[in-house]
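To start, the structure itself, in structure tokens.
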Amino acid sequence: MTFTLPPLPYDLDALSPYMGSRALDLHYNVLHRRYVEKVNQLLPPSWKVNDLFDVIAQAEKGPAELFHAALQAWNHEFFWQCMRPPTPAASEAWGPLRVLIKRDFGSMAKLREGFVHEGTHLFGSGWVWLCMTPKKKLVIEALEDASNPILFDRYPLLVCDVWEHAYYPDYGPDRKHFLTTWFDKLANFDFAAHNTRRVLQALL
């Protein structure tokens with residue numbers, strides 16, 4: 001199987017001014033493309049795979065370079081869906097996600113506070129995730145490098161990339177400013193709400 005770079009769900013300038021077209025172009029057309037190409041380069045011809053999940057599962061015990069490339073390719077594909085072009089009104093959680101946020105964090109404001117804190121204080125590069133446990137509890141996971149909640153029996157709902165290339169072009173070293181702005185202006189809670197319903201259905 002040959003993997004291809006999936007199309008962005010919006011134009012390169014659609015997230016401006018909160019994520020500029022230069023930053024998004026570098027992130028998508030150079031870095032994400034590189035991970036997809038690396039997967040194709042390293043994938044053994046004998047492996048039977050249908051998607052990146054299959055590659056991740058088979059490569060978890062090696063080869064490490066393929067494992068990390070597949071994780072990063074999947075993480076980025078998911079990340080693009082976790083953003084939407086900014087509008088005057090912030091994206092709002094609805095349905096079961098709204099109920100679970102109230103139960104597990106107390107409010108959207110508390111979720112925001114925890115999400116920004118965990119992402120800001122993650123040492124080095126990585127990702128900050130909103131995910132669900134098999135017991136249907138929402139948790140925030142700040143994971144290093146290419147790591148993904150699926151490796152720890154978690155279900156991803158929303159993610160923000162906190163590798164330096166995600167925010168340095170627009171925010172310099174101010175990761176907290178980036179995360180706060182991202183949560184308020186770009187985070188796609190409609191996508192997270194759909195993911196929540198899908199995961200809850202799978203856990204029945």
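The values are calculated or read from the model by the stated rules, or taken from the named source; none is laboratory data. All figures in this text were calculated on a predicted structure; none of them were measured in a lab. Because the Cβ atoms are built from the backbone with ideal geometry, glycine has one as well, and the counts that use them run over all protein chains shown. Accessible surface is based on the protein model in full, side chains and every heavy atom, while ligands, DNA and RNA are left aside. Shrake-Rupley method; radii C 1.70, N 1.55, O 1.52, S 1.80 Å.
In the set Leu143, Leu151, Leu122, only one residue is touching a residue at least 60 places away in the same chain (Cβ under 8 Å) and either in a strand (DSSP E or B) or open to solvent by 10 Å² or more (accessible area, probe 1.4 Å) (or both); that residue is Leu151. One residue stands out among those in region 6-25 that are in a helix (DSSP H, G or I) and either among the aromatic types (Phe, Trp, Tyr) or crowded, with 16+ Cβ neighbours inside 10 Å (or both): the one that is nearest to the chain's Cα centre (by Cα), which is Leu24.
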